[in-house]
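None of the figures in this text is laboratory data; all of them are computed from the coordinates on show. Values in this document were obtained by computation on a predicted structure and should not be read as measured data. No Cβ is skipped: glycine too gets one built from the backbone with ideal geometry, and neighbour counts run over all protein chains shown.
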Amino acid sequence: KVFEYVKGARIKGIAPNGSIVGIATSITTNHGREFMHSQIAISNGSYEFVVPYSTGGPVEGGTNYDVLATPYIIKAGQIENEKMVWGTGKEIEIGEGEVMDGETVRVDL
């Protein structure tokens, strides 16, 4: 389901080469529906995600569809003994302006 086009905030940074980088936020719609928005990438020494949800809520002149997003959790990990092992995550806030304008937020892991 597509609600509205936004450029999306770019989250990029450095992560160990070959690590699996994951990012996630919990979304609650204006109708009370909840879902998890998540992405993963394999790092080649760096990574980049484009995220469509702000964590600060709507602002005047911003999106027309109101959702509540928790702060994003981003972390790097690797597979050990056939099991995914994640490192300590970093919590990041993404503003509505960053999402609307396609701004870049740097998070090194």
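Karplus-derived 3J(HN,Hα) values for region 72-84, using 6.51 cos²θ - 1.76 cosθ + 1.60 with θ = phi - 60°, are 5, 10, 10, 7, 10, x, 8, 8, 10, 6, 6, 10, 6 Hz; glycine and proline are entered as x. Kirkwood analysis of the chain, using all unique Cα-Cα pairs, places the hydrodynamic radius at 14.5 Å. Between residue 30 and residue 84, the modelled label-to-label distance comes to 3.2 nm, taking each label 7 Å out from Cα in the direction of the beta carbon.
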